[in-house]
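A short worksheet on the structure shown next.
Where a number appears in this text, it was derived from the coordinates with a stated rule and is not lab data. Computed from a predicted structure; not experimentally measured. We place every Cβ from the backbone using ideal geometry, glycine too, and count neighbours over all the protein chains shown.
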């Protein structure tokens, strides 16, 4: 889950910049967490503390309403009776990584990813995007090789993962749909050599950088199981204490799932 938050913070200053290179400074003075982090924390809180998705999304979203939420989701956040609005955007996929880390079987991952998505993003593409990301995290966490992750995600969710980031990058444009960003974020992980390169590749597409990097970062953390300490320090100092507390609880739980 920390990998998703790191990707979000690093990508925050590059959104809509049309950056087309992996050569950039990882952190700037104004690097910050966005809605991706807020809802990633919300999902983790739900899983760790047996909370309700609608209630936790609204709780955290209302604490930080000005960090990049779409107009439609902001309306959902402040509704007295929030209902799913058939969204197919990548908001369902950016927040789901904790599911892949904390659930113990693929069946559980798929069911919980759907539950986390459908309270707002109940379009089939919105649900599929969340399930694909959570599945990739789960497969990576449980030691599956990249070829198996590529084949399973491609066959199960119908995403074209035969491309490379180098092939996609020149023509890729800003796209917040699950269909137009989740496969690309997964490919950034698949093309990577380590955690940092996954984040750099995702941002180098020049699209919805924080979300692309959040998704790639989550899968990369699960797969490589190592993040440079300096990157962790730079990210955590940009997070409020309440987020750090959930992260600490998550790290303790994910290291020994029998205690969760």
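Figures for the structure shown
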{"read-out": "Whole-number percent relative contact order across the stretch 1-111, with pairs defined as alpha carbons under 8 Å at least 6 apart", "value": "29 percent"}
{"read-out": "Protection-proxy order for peptides 156-163, 181-188, each taking the mean of Cβ atoms within 10 Å per residue, highest first", "value": "181-188, 156-163"}
{"read-out": "Segment residue 173-residue 81, length gained on full extension (0.36 nm per residue, minus Cα span)", "value": "29.6 nm"}
{"read-out": "Viscosity 1.306 mPa s, temperature 10 °C, Stokes-Einstein D of the stretch 80-195 from Kirkwood C-alpha radius, µm²/s", "value": "111 µm²/s"}
{"read-out": "Quarter of Cα convex hull surface for the stretch 131-233, i.e. mean projection, nm²", "value": "6.0 nm²"}
{"read-out": "Where labels lie 7 Å past Cα in the beta-carbon direction, separation of residue 55 and residue 108 in nm", "value": "2.2 nm"}
{"read-out": "Most to least packed among 195-206, 106-117, 23-34 [average Cβ atoms within 10 Å]", "value": "195-206, 106-117, 23-34"}
{"read-out": "Two-decimal Rg/Rh across the stretch 7-75, once Rg and the Kirkwood Rh are taken from alpha-carbon atoms", "value": "1.06"}
{"read-out": "Computed over the chain: relative contact order in percent, which uses C-alpha pairs under 8 Å that are six or more apart", "value": "29 percent"}
{"read-out": "Relative packing of peptides 92-103, 137-148 - highest average C-beta neighbours within 10 Å first", "value": "92-103, 137-148"}
{"read-out": "Approximate shape of the stretch 166-222 as ellipsoid semi-axes (Cα gyration tensor, √5λ), whole Å, largest first", "value": "16, 12, 9"}
{"read-out": "Taking the stretch 95-185 and dividing mean pair separation by its residue count, relative contact order in percent (alpha carbons under 8 Å, at least six apart)", "value": "28 percent"}
{"read-out": "Full-stretch length increase - residue 242, residue 18 - with 0.36 nm per residue and alpha-carbon distance subtracted", "value": "77.4 nm"}
{"read-out": "Cα convex hull of the stretch 1-130 - mean projected area over all directions, nm²", "value": "8.5 nm²"}
{"read-out": "Reference-scaled alpha-carbon Rg (2.2 N^0.38 Å with N residues) for the stretch 208-260", "value": "1.25"}
{"read-out": "Over the chain: helical MRE at 222 nm, DSSP H runs n ≥ 4 each giving -39500 (n - 2.57), nearest 500", "value": "-18000 deg cm²/dmol"}
{"read-out": "All Cα pairs of the chain, percent lying beyond 33 Å", "value": "9 percent"}
{"read-out": "Isotropically averaged projected area of the stretch 85-153, using the convex hull of Cα atoms (one quarter of hull area), nm²", "value": "4.0 nm²"}
{"read-out": "Label-point separation in nm, residue 115 to residue 74, each point 7 Å along Cα→Cβ", "value": "3.1 nm"}
